[in-house]
Amino acid sequence: MQYKEQLDLSRIPQHVAIIMDGNGRWAKQRGHERSYGHQAGAETVHVIAEEAAKLGVEFLTLYTFSTENWNRPSDEVAALMSLLFDSIEEETFMKNNISFRIIGDIDKLPANVQERLYNCVRNTSRNTGMCLVLALSYSSRWEITEAVRQIATSVQKGELTPEAIDSNMISTHMTTRFMPDPDLLIRTGGEIRLSNYLLWQCAYSELYFCETYWPDFREEELCKAICDYQKRERRFGKTSEQIS
Ligand code: IPE
Ligand code: IPE
Ligand code: MG
């Protein structure tokens, strides 16, 4: 039976986060430049966003470009920026009632890319379906550092006492403050690591790793990950008996 048919549609994860990895290796395997893999990966983004929206996922956060990715060869970075500019397809979002958002150190992106992104955020803001979030020039350590700086500034100004700082309050200083924490984190491409993605938010997320390179990741593979997620017991520190 196909994974899609096995899904319990009443228990779809509310927030799915994906580390989209393996574009470069996918292209190399086919005798192409790495950027060819990024192009193919951009198509997968549209396929998976559409499928996730249809399944009823409310938030899909895609790790698209990390703070550390700025250290790649400049031609690869340039190719990624121009691909980003070209592949923001508002029509796909409007057709699927998807609202589009971005998190990360967006000021670091080229001005034309920023403008394109903010336009798309604005034009899709009234859509009431799934929220698709791209993490761009993002890393958790960058985000946590920013949050600490903001909180310290508020304390220094006397707007906040150190005693008022708790975990909820810290969460409200994260770029993800408008979303619940991820229920399921998927990483494609075979590496078993988080690479500085949503470290604070994934404290209790279910992790799923697969070998498939991102350009080959399709609907069935997403359903397989969600099926796997649905078999797990999330205990949040409690005992199994307490949960059932
Ligand atoms: C993920 O694919 C996309 C980005 C990090 C921008 P990679 O480019 O990391 O591909 P591999 O991991 O080298 O195959
Ligand atoms: C993580 O992939 C970043 C994105 C998918 C955008 P990387 O390919 O940069 O991660 P490492 O370097 O293998 O850990
Ligand atoms: Mg990689």
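The values are calculated or read from the model by the stated rules, or taken from the named source; none is laboratory data. Keep in mind that what you see is a predicted model, and the values were worked out from it rather than measured. Please note: Cβ atoms are built from the backbone with ideal geometry, for glycine as well, and neighbour counts cover all protein chains shown. All accessible areas refer to the heavy atoms of the entire protein, side chains included, with ligands and DNA or RNA removed. Shrake-Rupley method; radii C 1.70, N 1.55, O 1.52, S 1.80 Å.
What number of lysine-lysine pairs in the chain show an alpha-carbon separation below 25 angstrom, given a sequence spacing of 8 or more or placement on distinct chains? Final tally of qualifying lysine pairs is 7. Between the listed residues SER74, GLY24, ASN97, the Cα displaced farthest toward the positive end of the dipole of the range 23-120, a dipole computed from Cβ unit charges relative to the Cα centre, is found at GLY24. In percent, rounded to a whole number, the relative contact order of the range 4-72 is 43, using alpha-carbon pairs under 8 Å and six or more apart.
Ignoring any ligand, DNA or RNA, what whole percent of the accessible area of the chain comes from carbon and sulfur when the probe is 1.4 angstrom?
Working: 6070 of 12710 Å².
Ligands and nucleic acids excluded, carbon and sulfur give 48 percent.
The calculated FRET efficiency for the pair ILE106 and GLU5, based on their C-beta separation and a Förster distance of 30 Å, comes to about 0.15. Overall shape: oblate for the range 25-74, with the ratio a/c of the largest to smallest alpha carbon gyration tensor axis at 1.5 or above and b/c at least equal to a/b.
Dipole magnitude for the range 15-106: computed about the Cα centre from +1 point charges on Lys and Arg Cβ and -1 point charges on Asp and Glu Cβ, it is near 280 debye.
Need the C-alpha centroid separation for the range 219-244 versus the range 1-56, integer Å. Result: 20 Å between the Cα centres.
Rolled with a 1.4 Å probe across the full set of protein chains, the surface gives GLU219 an accessible area near 70 Å².
Computed over the chain, the P(r) curve from all C-alpha pair distances, binned at 10 Å from the origin, holds 7, 29, 36, 21, 7, 1, 0 percent per bin. If ligands, DNA and RNA are left out, what is the accessible area of HIS32 with a 1.4 Å probe, given in Å² to the nearest 10? Surface accessible to solvent at HIS32 totals approximately 80 Å².
Each of PHE178, PHE65, PHE236 has its accessible area taken with a 1.4 Å probe; listed largest first, they run PHE236, PHE178, PHE65.
Using a 1.4 angstrom probe on the protein heavy atoms only, line up ARG25, ARG177 by accessible area, largest first. Each step should come with its number before you reach the end.
On the way: ARG25 85, ARG177 135 Å².
Correct descending sequence by accessible area is ARG177, ARG25.
Rolling a 1.4 Å probe over the heavy atoms of the protein chains gives the chain an accessible area of 52 Å² per residue.
Once both labels are positioned 7 Å from their Cα atoms along Cα-to-Cβ, the gap between ASN97 and ALA203 label points is 3.3 nm.
In this structure, SER240 and ARG177 have a Cβ-Cβ separation that, at R0 = 25 Å, corresponds to a calculated FRET efficiency of about 0.20. Considering only LEU199, LEU83, LEU160, the mean-square fluctuation computed in a Gaussian network model of the chain, springs between alpha carbons under 10 angstrom, is largest for LEU160.
Distance between the C-alpha centres of the range 130-158 and the range 99-126: 17 Å, rounded to the whole angstrom.
Take ASP181: with every protein chain present and a 1.4 Å probe, its accessible area is about 80 Å².
The 1.4 Å probe gives accessible areas that order MET130, MET20, MET1, largest first, as MET1, MET20, MET130.
Using just its DSSP H runs of length 4 or more, each adding -39500 (n - 2.57), the chain gives a mean residue ellipticity at 222 nm of -12500 deg cm²/dmol after division by all residues. Pairs of Cα atoms nearer than 8 Å and 6+ residues apart set the relative contact order; for the chain it is 29 percent.
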